[in-house]
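Everything below concerns the one structure shown next.
What follows is calculated from the coordinates using simple rules that are stated; it is not laboratory data. This is a predicted model, so every value here is computed, not measured. Counting neighbours? That spans all protein chains shown, and the Cβs are built from the backbone with ideal geometry, glycine included.
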Amino acid sequence: MASSRDSSSSDEHETSLNTSDGDKKIYHRHSNHQIQRLEAYFKECPHPDDSQRLKLGEELKLKPKQIKFWFQNKRTQTKTQSEKADNASLRTENMKIRRENEAMQHALTTVTCPPCGGPPLGQRERSPYLQKLQAQNARFREERDRLSNLVNQSEGHSNPNVNALVYPHGPPLYPPASNNPHVAYGTSSNYLVEPPSLVGEPYSRERINIAQPPQALMPMLLQRFQPPSQMEKMMMTEAMVTAVTEVITLIRTEEQMWIKSSIDGRLIIDQKYYEKTFPKVSHFNSSSARIESSKEVSVIPMDAKNLVNMLLDTEKWANLFSTIVSEAKTIHVLESMDPQRNFSKLMYEQLHILSPLLPPREFMILRCCQQLEEDVWVIADVSYHQVASDFETPACSKRPSGCLIQALPNGHSKVTWIEHVEVNDKVRAHRIYRDLLCGGFGYGARRWTATLERMCERLSLYSVSDFPATDYPGVVGTIDGRKSVMKLGERMLKNFAWILKMPGKAEFPQQNVTNSSGIRIAVRVNEEVGQPAGLIVCAGLSLSLPLAPLQVYNFLKSLEVRHQWDALCQASPVTEVARFVTGTDNKNCVNILKPSSETQNGDLMIIQDSFIDALGGMVVYAPVDLMTALAAFSGNVDPSGIPILPSGFIISSDGRPSAAAELDGGLDDCKTLLTVAFQILATGSTNFDEDQMNEWTTKVHTLVSSTIRRVKGMLNCDDGQ
């Protein structure tokens, strides 16, 4: 009896609970409804946390321990089945290789010389040919070295800019040659911020990592990438044709291919039907691997042809999705017989969102665009692993994903976007972001379409010839000044999203903040144009608040209470001196704020860019001195060269069904995931000692701690709520 129970304990039909005497077990057999619900949940989230198990148990009338044991047994069963399938596949492949080996050995014993039909050449006969080949190789090597020297001499021995390759769309980390003894908070001017009343604890310098010139494996791989051979081009072309066909099928097949998620109701791919339609081997043979899939349809306020061109231009694409794409680089553009209708390339991308707690995702992908009809295009992406054979095993692999773009009247486009990714969660996401990632709202199709819609609305407002009725020009007198300020705000959002990767980060856990993830501090040396040169210290913190995202957003935007939490205001109220709406929602705008009190260094203004969409929002701001502000307002200065150092907040729903369904809340269990990050210019010099480093890191740590405590106190979100 016991053995039969043990053999079925890994089965999904029952779980066991220990009784109080420790000797007997009570076995509970699940109903068909319970099994179906558990199976559906397992497909999307094989590692539920305590709160997820509790909710699922309440729904199915099961105890949390029963839910826990069922998922443990299911994971064990899945791993065993996967190993059995892998072993069978390996045995079959081994037998095939053995037979091929035997066939080749037999062929070698009977091989004949093709020209004369005689016996094969022996080692003695082959020696002259080998010597001849070696001599040719030596001559070719000398010729290559000679040509290389000539090229170096003609170019003045110039070396490639490694930083431009590694960070084509983000700030580099090389030491500058500037001298500034002051500590400034988020600006190129040296505004000193008075330390908040909260006393910070000093930290030893060895816990801080000074960011060095990047030595990541992927950028190094890009440096030594050679143009693909003809065979590689054929393989790439075949992979892209397959990807385009699959994306079209996924988009146009509705009922059987797509089902509603059992967690949050969004559309996901039915993996059983998918595997029958597109047989393929999973890239990750691990119990921690999972599939993310999603689909969204949106109407975008941009002409279809212009939208296609922006998505195919790597730089424009990275700027369009600057809050998602942190790095992007075109590796190779493939030739096409009809470039007007077909375009394809190999590219590298790095994605990152929301928080320093979430690691970036890296992909080497093939991107292909094909015009299906006069006003219909499809763009397909798929991971290409052959190029990265010597790169470490990636944590993600993109199955054929992409979008279908259809031209609509009035310069609009209908975009159907799908995301389909294999993720190997070797390191599990932080608990406060686990629901967001497992539910698919992290990197899902909805984030891409919401960002695309918001950015296209913003771009359409760049070209207006007069101030819209929703604007308040204030101190900005010209339409060129308005455009300059909007571009400056866009650059602030991009830079702020980039710093959240926090290179060289070190963590300082806060013991007293139960809902907090701990403050992370990163130090970098910067010489990027458009940012102050010198040593920059950045600190970030992510936490969960029991409030709706819109409620938190409105609080951070409120001018009436801002001086109570923002150290830049120095406890003095601020007034709005200009406002430019950046979308159809008036909450999305660029504001110019002026504190009522003057700082010790003169007049100070704050430029702020903020937005809110279906998944959350950002409030990013930076102080500027009066001369810098006037240069930006004039419209006569390129905004990309104005030095600015943004800080701010990222607001996100927690990924649970209630929060995703209604952004503005109204439900008791609706929560917000909030990330705050501040940057300070510590010094313009690269020479500093340990005491100075301790002082700077203590100041930025104290600034973040005091700000978040004030915000939580004003929102009545004390620790423990």
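Arg341 to Thr92: FRET efficiency via 1/(1 + (r/R0)^6), r the Cβ-Cβ distance, R0 41 Å, to the nearest 0.05?
Details: r = 41 Å, r/R0 = 1.01.
FRET efficiency, Arg341 to Thr92: 0.50.
For region 227-461, what does the alpha-carbon gyration tensor say about shape, rounded, prolate or oblate, given a ≥ b ≥ c as the root eigenvalues, a/c under 1.5 as rounded, and a/b over b/c as prolate? If you can, show how the numbers build up before the last one.
Numbers: a/c = 1.32, a/b = 1.11, b/c = 1.18.
Because its axes are fairly even, with a/c under 1.5, region 227-461 counts as rounded.
For Thr76 and Thr242 in one chain, what is 0.36 nm times their gap in residues minus the Cα-Cα distance, to one decimal in nm? Before the final figure, lay out each step's value.
Working: separation 166, 0.36 × 166 = 59.76 nm, distance 3.37 nm.
Between Thr76 and Thr242, full extension yields an extra 56.4 nm.
Work out the FRET efficiency for Met235 and Glu374 from their Cβ-Cβ distance, taking R0 = 30 Å, and round it to the nearest 0.05. Mind dumping the intermediate values first?
On the way: r = 31 Å, r/R0 = 1.04.
E between Met235 and Glu374, to the nearest 0.05, is 0.45.
In this model, which of Lys594/Lys699; Lys233/Lys305; Lys295/Lys712; Lys55/Lys295; Lys398/Lys587; Lys79/Lys260 are farther than 31 Å apart at the alpha-carbon?
Values: Lys594/Lys699 24 Å; Lys233/Lys305 27 Å; Lys295/Lys712 36 Å; Lys55/Lys295 26 Å; Lys398/Lys587 35 Å; Lys79/Lys260 26 Å.
Correct reply: Lys295/Lys712; Lys398/Lys587.
If you average the alpha carbon positions of region 603-636 and of region 288-358, how far apart do those two centres end up, in angstrom?
Each part's Cα centre sits 27 Å from the other's.
Got the relative contact order for region 227-461 handy, in percent, Cα pairs under 8 Å and 6 or more residues apart?
Values: 417 pairs, mean separation 59.0, N = 235.
Once normalised by length, the contact order is 25 percent.
In nm, to one decimal, how far is the Ala85 label point from the Asn636 one, both placed 7 Å along Cα→Cβ?
6.8 nm
Quick check on packing: order 535-542, 327-334 by the mean number of other C-beta atoms within 10 Å, highest mean leading. Can you show the working numbers first?
Numbers: 535-542: 26.0, 327-334: 18.1.
Going by the mean number of other Cβ atoms within 10 Å, highest first, we get 535-542, 327-334.
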